[in-house]
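The values are calculated or read from the model by the stated rules, or taken from the named source; none is laboratory data. Because the structure is a prediction, the values reported are computed rather than measured. FYI the Cβ positions are ideal-geometry reconstructions off the backbone, even for glycines, and counts take in every protein chain you see. Heavy atoms of the whole protein, side chains included, go into the accessibility calculation; ligands, DNA and RNA do not. Shrake-Rupley method; radii C 1.70, N 1.55, O 1.52, S 1.80 Å.
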Amino acid sequence: MQEWLFASAVEMATAIQRKAISSHELVTLHLERISAVNPAINAVVTLAAERALDEARKTDAQIAQGQNSGLLMGVPITIKDSFDTEGIVTTYGMPARAGVVPRKDATVVARLREAGAIILGKTNTSELTVHQAAHTNPPLFGRTNNPYDLARSPSGSSGGAAAAVAAGCAALDIGSDTGGSIRDPAHVCGIAGIKPSAGLVPRTGHCVSYGLGTLDTLTQIGPMARYVDDLALALTVISGPDGQDPDATSVYSNGTVEAGLAGIRVAYYTGCGAYPVSEDTAKAVTCAVAALQDAKADISRDFPAGLPKASMLFEALVTADGGVWKNKLSSLALEGGISGSTDLNLRQEPPAADRSATAFCKQISAFKADLSAFFSRYDVLLGPVSPAAARLHDDTPQGYNFWNDLNVHNISGFPAATVPAGRNSGGLPIGVQVVSAIGRDHVALAAAKAIQTRLGC
């Protein structure tokens, strides 16, 4: 039975419908796994065990009656604690929200439940996903540890989600990504994740939603799982407009990752010069290149000319208003918490030198145009996720340039997937980042699947 803990969500859903295993058995198995490993990793911070078991029993009864609808029917999952979950405590990692129970699910949560997924509980997140987000160590629940080495960080802000999935506590989770918060945790925890095309997945009911001005398009919602096939399945479930998020559009229509790669134009780089990468990181990229060559892709060594400067633009963007957006974000979050709470200490950022909205928009538009021109010549860009494997808990990179290869695609809005591609000399996982043009999420996923299938990481 233990092998089911590391099966794919696709395999679980199929087995439940074929009655090879019951949903109740799977949920019980995962709850036992959480009980066994979570004390060490602190990834799952709120359990909904009785509710999950009750839903599993109802699911099995429906299947027994031939009512086996729903792509994820009976599959046990967890949800990052930055998403509202009806009937389950949602804190955003804030002490002021301890015990807050939303009356309504976030859009993505509602869609997963409609597809039959069963929520086991909530996973740890950096406070409001933006405060000290290099690690997952909120003041409410404390730090999450990397399952591969407890002395190391699972990164942030979706560190709890990545650690839980990597440790076999859930088939998949849903993360959020403002500057790399899906992709870096997936990278250091040895799982897959995708920041989808901007506008693909509604942000309604997430603590960083919309209405924050120039920052609105940075944050995207996406799945995290052990297998690329599960990312595609989850995207099929959660994507599409909800009539509430003003930026949500139907930019993605192909959920398959079976697209052939013969002739696909792939550009790759092992480092763009923004920050030095480790030898193990560069080696993981070259291994991924070999996997795509085996899939008959057309490979070239290249990267966008503006890539090395992405972190400077990102820093200017998130600090331009002197921290006003963070205060607004915290104020909105505290509306559901303890009135008058002052226990949230978000940093006040210094204003950027040039606060001209027009100048900013021109600079960003030119940057995006250069990236779009690059993707007129290539279908896929392959490169590092971040410069090295999992960091120690007290190792917080100084400066945005460490995250350059992540930040760039929050600005561009292009779909960017992380997939495991190797290990360092200490046995820690290393992922690579696979990017495609906006609306072509299926191309990025097809390349990521080819890498995962051929490398077996």
In whole percents, the bins of 5 Å from zero upward hold the Cα-Cα pairs of the range 2-96 as 2, 13, 22, 21, 20, 12, 6, 2, 1, 0
Ordering 199-212, 231-244, 295-308, 407-420 by per-residue average of other C-beta atoms within 10 angstrom, highest first, gives 407-420, 199-212, 231-244, 295-308
Applied in sequence order to the range 299-304, the curve 6.51 cos²θ - 1.76 cosθ + 1.60 (Karplus, θ = phi - 60°) yields integer Hz couplings, x standing for Gly and Pro, of 9, 9, 8, 5, 7, x
Relative contact order of the chain (C-alpha contacts under 8 Å, at least 6 apart) in percent is 17 percent
Between the modelled labels at Asp54 and Lys309 (7 Å from Cα along Cα→Cβ) the distance in nm is 5.8 nm
For the range 74-202, the percent of accessible surface on carbon and sulfur atoms (probe 1.4 angstrom, ligands and nucleic acids excluded) is 46 percent
In nm, the gap between the two label points placed 7 Å beyond Cα toward Cβ at Thr286 and Val324 is 5.0 nm
The computed P(r) of the range 366-438 puts the percent of Cα pairs beyond 20 Å at 38 percent
Expressed per residue, the solvent accessible area of the range 51-174 in Å² (1.4 Å probe) is about 29 Å²
Averaged per residue, the 1.4 Å probe accessible area of the range 270-313, protein heavy atoms only, in Å², is roughly 51 Å²
Here, trypsin sites (Lys or Arg not before Pro) of the range 1-53 satisfying both criteria (DSSP loop; at most 15 other Cβ within 10 Å) are Arg18, Lys19
Taking alpha-carbon centroids only, the range 62-125 lies from the range 424-457 a number of Å equal to 27 Å
Computed on Cα atoms, the radius of gyration and Dmax of the chain in angstrom are 20.5, 65
Here the longest stretch of the chain that holds no GluC sites (Glu not before Pro) in a DSSP loop having at most 12 other beta carbon atoms within 10 Å is 1-257
Those helices of the chain passing the 18 Å axial Cα length cut-off and the mean Kyte-Doolittle cut-off of -1.0 (DSSP H runs only) are 23-41, 49-64, 279-294, 357-374, 441-455
